[in-house]
1. Where does the range 77-174 land on Rg/Rh, using Cα atoms and the Kirkwood Rh?
2. Could you give the angle, 0 to 90 degrees to the nearest 10, between helix 296-321's Cα long axis and the longest principal axis of the Cα atoms of the chain?
3. Considering the Cα positions of the range 174-303, please state its Rg to one decimal place and its Dmax as a whole number of Å.
4. Quote the FRET efficiency, to the nearest 0.05, computed for residue 29 versus residue 105 with a Förster distance R0 of 45 Å and r equal to the Cβ-Cβ distance.
5. What does the convex hull of the alpha-carbon atoms of the range 7-131 project to on average, in nm²?
6. Residue 155 to residue 289: FRET efficiency via 1/(1 + (r/R0)^6), r the Cβ-Cβ distance, R0 45 Å, to the nearest 0.05?
7. For Cα pairs less than 8 Å apart in space and 6+ apart in sequence, what is the mean separation divided by the residue count of the chain, i.e. the relative contact order in percent?
8. Compute the distribution of all C-alpha to C-alpha distances in the chain, in bins of 10 Å from 0, and list the percent of pairs in each, rounded to whole numbers.
Ligand SMILES: Cc1cc2nc3c(=O)[nH]c(=O)nc-3n(C[C@H](O)[C@H](O)[C@H](O)COP(=O)(O)OP(=O)(O)OC[C@H]3O[C@@H](n4cnc5c(N)ncnc54)[C@H](O)[C@@H]3O)c2cc1C
């Protein structure tokens, strides 16, 4: 996408581009039509070593960092939104326990235990090709919005945890081998507290674990984001993806962890722009040549799309470059701004693409109508929905921590 990249990033994005263009794009309509999970795409990602993209190289992964992932995710999003969004859930589970966890404060003992536990988790990915989901959303959105403890609980028992609760919108349901469930430690003698959030890898074949509900949404249909019900599910200690209390610390001090849903939609925005240019130039297979590109109204619309795309990309790229522990207030607010811009502009660029290309462009034989439907989902993704980004940007611009009227 013409962003400044390192050689390594160019190489990884190049692999993603080949997979996306040659394999994922031709399959995308079928997954969308059936609302089925893109298993074949994951076979290809697994064969390319991409399930271990953000697994550190000393654990056999590709050792990609946050910025590398963001660029690769956007490239996948150009070709299949549902694959990019589900790939985010898996890849960021690995990233949270690697690059991000490395930045967090831990005692020596915690770090040693985390090191040994994550080695086991990474082995499952690198050696067995295991796939991880990242279900944190619950029917009461306050927890996923970061404003209340998760209603799903984990009670300590011999050798592990007993997990109870209900998650919804669990992308990869039925496809994942493990579900990275965020839950609150049930201390029995104390009220639920966000500081006691635990992050546990629940095996998809555990007793008491079931997937319920249907999945037939307007967009992102291939994510298969159904409900999870957990009834006294035993999760061994070794399946702790982060030490106790560390998720809370991460959410406060590594805020860019929540911007990782944006690459999918950055890719969709790029795809809608590329489609429009190809369509108006008469270069797309099956699209008749016309003189539409000579019409000033079309040229202005393409100009407007390009301006929005460049604005989104520039801001997004700057925010990515600022990701890390304890960013400045401006950098944190810029991350909300980038998230808002990518999610809202992706849908707006798709809207302009349809208006500009016209009625024949929205047939199911072409990808534009799917891009439009998929793009609509971006601003709904907690914890940084478009509304929550606006809420934080307004409030935090006007109030310093602790200030009230
Ligand atoms: C395609 C798709 C895939 C998804 N995959 C996953 C996944 O893999 N894992 C996962 O955990 N979740 C996933 N989600 C869930 C998503 O992140 C949200 O949790 C879900 O869309 C919330 O449902 P809702 O909009 O009906 O919630 P509602 O609670 O009705 O929220 C509606 C809107 O109100 C606002 N809002 C809600 N709570 C607050 C609050 N406390 N303060 C201020 N504003 C608030 C937000 O803007 C929100 O968009 C997915 C969603 C979609 C659409």
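1. Details: Rg = 15.5 Å, Rh = 15.7 Å.
Result: Rg/Rh = 0.99.
2. Result, in degrees: 20.
3. Looking at the range 174-303, its Cα Rg and Dmax stand at 23.3, 73 Å.
4. Numbers: r = 47 Å, r/R0 = 1.05.
E between residue 29 and residue 105, to the nearest 0.05, is 0.40.
5. Numbers: hull surface 30.4 nm².
Value for the range 7-131: 7.6 nm².
6. On the way: r = 66 Å, r/R0 = 1.47.
Step by step, r from the Cβ atoms, then E = 0.10.
7. Numbers: 719 pairs, mean separation 68.6, N = 405.
Across the chain, relative contact order equals 17 percent.
8. Binned Cα distances yield the sequence 5, 23, 33, 25, 11, 3, 1, 0.
The numbers here are math on the coordinates, done by the rules we state, and not lab data. Quick caveat: nothing in here was measured; it's all calculated off a predicted structure. Positions of Cβ are backbone-derived with ideal geometry, glycine not excepted, and every protein chain shown enters the neighbour counts.
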